[in-house]
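Chemist: Sharing a structure below in structure tokens format, with a few things to ask.
Where a number appears in this text, it was derived from the coordinates with a stated rule and is not lab data. This is a predicted model, so every value here is computed, not measured. Here the Cβ is made from the backbone with ideal geometry for all residues, glycine too, and neighbour counts use every protein chain on show.
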Amino acid sequence: MKIDSIKIKTLDTRFTSKPTRITEIKTRSGTIETPTRAATMFEYNAKASVPTNILIGNPITFKYSSVGHTLLKNLLSDNKPFSVMYNAQQNANDRTQHSLLNFTLFQPTMTATEDDAGGKIPSAMEDLRNNHSELDKFLDLIIALQESLNFDIITIPYLDLPFSTLESEYKKRTKYIRSIGKEPFFVVHLKHNPQDFEKIMKLLTDELQVQLIGLNFQKFQYAALNYRELSKYYAKDVLFFTIQTTRIDSQFNEFSTPHYMPFLSNDIFSIASPPTFDPEKTNKKLEIDSIGGDKIKPKKLEVTYEEKLLKLRIFNKKELNLQQIISPMKNYSDLLNDVENPTDNRLINMLNNFMDKGFSKEEENERFSNLKSFTVIHELKTSVSEFAKFREYIKQSDTTSYVSEHPLLNKALTTMK
């Protein structure tokens, strides 16, 4: 959907150490206010696994596909990968057609992997960094792919390149994207060294007049200077979208990371999707491609049904953290109200009986899958609802009260000075 305008609607500077804001995004079909949370395809896939009809209803959707070494080489040498990627994105677009804004990122992998024999498979970014003609071809292709899908927002991924190369590419790609009536969305990593990060921000905002900037998440303690640089833009009409945000910050009692991000000059947030296999069952942590990249067969470990249940968490609106769904004090009817399905018998039965025993392994797996999917959707919907509540405090210039009502948030912000 084409963006008509991006404007700051409200600034609250009373919480002086961390000003907050509401940014208004106007599109042809409606208006969006931030801060808010984008839905991801992981959450859409979870919705399909919940045994009832729960609407996601997010006005913003973010789709992330990693491009590994193998996929990159195939994409640059064969027509078929482009076609496969086009069809996959078209299918995803059909599922998210009600969103006002859709962002799609094709991100070259950053970490080398190993093949079955223990040999090194280079990251796609390493390939692109070492071969400028491949870099040029790759960017041409992903722009062409998004153009052929009629995207109004054309995403350029994070590129681990020297600033001089980035500057040249950003100028070249911005000129072309605007020549076809689209808007660029550049993804910048918060792990950039501070000097380059400052130059990139000035290039994008001052010289190229870009209003959409993606930020690849990094924890505050590893990017304090870059977050300080972002704070200079809190009063400017520039939209910051933090992607691949960690779900939980264990430093603050499992606090929901997106809920302190608005205080770091950010507007929209999407959660990093977990690997395509269950991390509880593997001894390797890998970045797995969603469209046929480099994969290594994981070594599976036996995990009991009860052990898996201990991993499931739901969003707690009072504490703004993620808490275990297993709790003797849990009122499961509240969870149904949160997802706007208070009388659905299938959900009532699932929540009241998920600890029951005597099921086959196959039945246990299905029950766990359904419950896990429910927790994903519950977290998304309650988090989005909490952001709406937070925006009301900003409109009243009362962010200070909101922080005081949430001790874990206050604790987190106290460490981020």
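Chemist: Take the Cβ-Cβ distance between L11 and K219 as r, set R0 to 30 Å, and report the resulting FRET efficiency rounded to the nearest 0.05.
Modeler: Approximately 0.70, to the nearest 0.05.
Chemist: Sort the following peptides by mean Cβ neighbour count (other Cβ atoms within 10 Å, averaged over residues), highest first: 237-244, 190-197.
Modeler: Highest mean packing first, the order is 237-244, 190-197.
Chemist: Could I ask something else about it? Among 228-235, 63-70, how do they line up from the highest to the lowest mean number of other beta-carbon atoms within 10 Å?
Modeler: The peptides rank, most packed first, as 63-70, 228-235.
Chemist: A further question follows. Can you list the GluC sites (Glu not before Pro) in region 330-417 that are in a DSSP coil and have 16 or fewer other beta carbons within 10 angstrom?
Modeler: E340, E405
Chemist: For the pair S83 and N53, how long in nm is the line joining their label points, each one 7 Å along Cα→Cβ?
Modeler: The two pseudo-label positions are separated by 3.7 nm.
Chemist: Which residue, V238, L215, I153, has the largest displacement toward the positive end of the dipole of region 3-281 when charges sit on each Cβ (Lys, Arg +1; Asp, Glu -1)?
Modeler: It is V238.
Chemist: Among 78-91, 151-164, what's the highest-first ranking by average C-beta atoms within 10 angstrom per residue?
Modeler: 151-164, 78-91
Chemist: Which helices of the chain meet both criteria: a Cα extent of 18 Å or more along the helical axis and a mean Kyte-Doolittle score no lower than -1.0, with helices taken as whole DSSP H segments?
Modeler: Counting only whole DSSP H runs, the qualifying helices are 132-148, 361-395.
Chemist: Moving on. Tell me which aspartates and glutamates have Cα within less than 20 Å of K199's Cα, excluding those fewer than 8 residues away on the same chain?
Modeler: D160, E167, E169, E207, E229, D237
Chemist: Now, a different point. Give me the distance in nm between label points sitting 7 Å out from Cα along the Cα-to-Cβ direction at S401 and S385, one decimal.
Modeler: Each label point lies 7 Å from its Cα, and together they span 2.1 nm.
Chemist: Over the chain, what is the relative contact order in percent, taking alpha-carbon pairs closer than 8 angstrom and at least six residues apart?
Modeler: 21
Chemist: Mind checking the full-extension length gain between K26 and D116? Use 0.36 nm per residue of separation minus the Cα-Cα distance, one decimal, nm.
Modeler: 27.4 nm
Chemist: Can you grab the distance from the C-alpha centre of region 1-64 to the C-alpha centre of region 238-258, Å, no decimals?
Modeler: 15
Chemist: Turning to a different aspect of this structure: How would F263, F269 line up from fewest to most surrounding beta-carbon atoms within 10 angstrom?
Modeler: F263, F269
Chemist: Oh, and also: Counting pairs of alpha carbon atoms under 8 Å apart in space and at least six apart in sequence, what relative contact order in percent does region 316-417 give?
Modeler: Dividing the mean separation by the residue count of region 316-417 yields 33 percent.
Chemist: Among the listed pairs K120/K219; K2/K389; K63/K171; K26/K80; K232/K395; K9/K191, which have their C-alpha atoms separated by more than 31 angstrom in this model?
Modeler: With Cα atoms farther than 31 Å apart: K26/K80.
Chemist: Once you order the gyration tensor axes a ≥ b ≥ c over the Cα atoms, which shape class does the chain get: rounded for a/c under 1.5, otherwise prolate or oblate by comparing a/b with b/c?
Modeler: Here the chain falls in the oblate category.
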